[in-house]
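Asks: My questions all concern the structure below.
The values are calculated or read from the model by the stated rules, or taken from the named source; none is laboratory data. All of these numbers come straight from a predicted model, not from anything done at the bench. We place every Cβ from the backbone using ideal geometry, glycine too, and count neighbours over all the protein chains shown. Note: areas computed on protein heavy atoms with side chains; ligands, DNA, RNA excluded. Shrake-Rupley method; radii C 1.70, N 1.55, O 1.52, S 1.80 Å.
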Amino acid sequence: MKKDLLSFKDWSAEQLTELLTLAKTIKSNPKAYRTALDGLSVVALFEKPSLRTRVSFDIGINKLGGHLVYLDSQSNKLAGREDVKDMGANLACWADAIVARVFAHSTLEELAESAEVPVINALCDMYHPCQAVADYLTISEHYEDISKVKLAYIGDGNNVTHSLMLVGVALGCEVIVITPKGYEVDSDIIALTEKRAAEFGGKLTLSTNIDAAIGAQVLYTDTWLSMGDDTPLANIKDTFAGYELNEALMEKTGADYVLHCQPAHRDLEISGSLIDGKQSLLFQQAENRMHGQNAILVELLAQGFEPKI
Ligand code: CP
Ligand code: NVA
């Protein structure tokens, strides 16, 4: 039976740990996986812009011996031309998997239902699972026992935050989510994260007070305005002032490292000097997008593959 990756909300601690281990194995010995996707084609469908996701999937699939076909709704006017379920069924006639970045999570569900091949969420309104794999892969490269890590996410409660929560508590981390009032994460995701924390041993803390980040080893932020949100920056700037990640906050919290999924806005949600500084893991995170996604692709498309060690 085909397996999709829409959210990670049903992946166990063991499955997530195995995926991170596979990502590290592929990263350390890419040659052994050069034919993992031999003869396989992946369609990447984008309703929103992308730099990291698009390029890391394209180059990553190439490194695994597969082939990517890029479709974007800007140049192809995909939206509205036919029903999503017909698009999914058609794509599955030729492609071995569909990677999709969409506005609504329901679009991914429709694609997954109609396509007889795995569908991978490359970001939607609710989740960014591929990002979370890269994030925890990056963190696990700096801490021997990831289950002892305390991560504080500061900023807008969004798709990236949801995936960090769902994956983090399953790995045993303490995830602290600090948002301004009115920009909290989704209540259903909170309930699900708490359930997963109880099952797998992690912890979720929610706050509007930035001092809740004191003692966290890793600080994380994302844009204050996600793609598709046309709110003028001037309308929210005052609300988010005080939630910026900068050197003073690193010192106050005692954090070792800072992460940001990017695209970053220098001197808004994060100071430019922090991005460029020694505590920044932003570019390691970006590199790990490819290794994490390659592990996902091998897991979903090439389970029986024997690495050529
Ligand atoms: N982090 C991330 O998904 O970046 P892109 O939007 O550039 O793909
Ligand atoms: N929350 C951001 C993430 C971008 C990678 C957005 O959805 O635009």
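Asks: Take every Cα pair under 8 Å in the stretch 65-174 that's 6+ residues apart, average their separations, divide by the length, and report that relative contact order as a whole percent. Before the final figure, lay out the partial values.
Replies: Values: 129 pairs, mean separation 22.2, N = 110.
So the answer I get is 20 percent.
Asks: Given a 1.4 angstrom probe, I'd like the percentage of the accessible area of the stretch 112-225 that is carbon and sulfur, rounded to a whole number. All intermediate terms of the calculation are to be shown ahead of the outcome.
Replies: Values: 1760 of 3710 Å².
Carbon and sulfur atoms account for 47 percent of the accessible area of the stretch 112-225.
Asks: Dipole magnitude of the stretch 122-232 about its Cα centre, charges +1 at Lys/Arg Cβ and -1 at Asp/Glu Cβ only, in debye to the nearest 20? All intermediate terms of the calculation are to be shown ahead of the outcome.
Replies: Numbers: 6 positive and 16 negative charges, 64 e Å.
Rounded to the nearest 20 debye, it is 300 debye.
Asks: Give me the net charge for the shell around Val175: Cβ to Cβ below 9 angstrom, other residues only, Lys and Arg +1, Asp and Glu -1. Write down the numbers at each step before the final one.
Replies: Values: positive: Lys150, Lys203; negative: Glu174.
For residues surrounding Val175, the net value is +1.
Asks: Going by average Cβ density within 10 Å per residue, which order do the peptides 141-150, 211-220 take, highest to lowest? Before the final figure, lay out each step's value.
Replies: Working: 141-150: 14.1, 211-220: 20.3.
Going from most to least packed, we get 211-220, 141-150.
Asks: Right, next: Treating only the Cα positions of the chain as identical point scatterers, give the base-10 log of I(q)/I(0) from the Debye formula at each q in 0.09, 0.12, 0.13, 0.15 Å⁻¹.
Replies: Taken in order of the listed q values, log10 I(q)/I(0) reads -0.43, -0.78, -0.92, -1.21.
Asks: If the reach is capped at under 19 angstrom between alpha carbons, list the lysines near Lys252, excluding any in the same chain fewer than eight residues apart.
Replies: Partners found: Lys150, Lys278.
Asks: Moving on to the next point. Please state the relative contact order of the chain as a whole percent: Cα pairs under 8 Å, 6+ residues apart? It would help to have the intermediate numbers written out before the result.
Replies: Numbers: 605 pairs, mean separation 64.7, N = 309.
Result for the chain is 21 percent.
Asks: Place the peptides 107-119, 86-98 in order of packing, highest mean first, counting for every residue the other Cβ atoms within 10 Å and averaging per peptide.
Replies: Details: 107-119: 20.9, 86-98: 18.5.
Result, highest mean first: 107-119, 86-98.
Asks: Estimate the FRET efficiency between Ser187 and Met227 by the formula 1/(1 + (r/R0)^6), using the beta-carbon distance for r and 25 Å for R0, to the nearest 0.05. Spell out each step's value before the answer.
Replies: Details: r = 23 Å, r/R0 = 0.91.
Efficiency for this residue pair is about 0.65.
Asks: Separate question: Keeping every protein chain present and rolling a 1.4 Å probe, give me the accessible area per residue for the stretch 88-199 in Å². List each step's numbers first, then the result.
Replies: Numbers: 3670 Å² over 112 residues.
Computed with neighbouring chains in place, this is 33 Å² per residue.
Asks: Springs between alpha-carbon pairs under 10 angstrom, Gaussian network model over the chain: which of Lys24, Lys278, Lys48 fluctuates most?
Replies: Between Lys24, Lys278, Lys48, it is Lys278 that shows the largest mean-square fluctuation.
Asks: Still on this structure, please answer the following. Hey, can you rank 259-272, 286-299 by average C-beta count inside 10 Å, highest first? Kindly include the intermediate steps, with their values, before the conclusion.
Replies: Numbers: 259-272: 18.9, 286-299: 23.3.
Result, highest mean first: 286-299, 259-272.
Asks: Okay, moving on. Residues with beta-carbon under 9 Å from that of Asn294, excluding Asn294: net charge, scoring Lys, Arg +1 and Asp, Glu -1? Don't skip to the answer; put the middle values down first.
Replies: Working: positive: Lys27, Lys63; negative: none.
For residues surrounding Asn294, the net value is +2.
Asks: Calculated from DSSP H runs of 4 or more alone, at -39500 (n - 2.57) each and per residue, what is the 222 nm mean residue ellipticity of the chain, nearest 500? Write down the numbers at each step before the final one.
Replies: Working: 12 runs with 131 residues, N = 309.
Here the helix-only value at 222 nm equals -13000 deg cm²/dmol.
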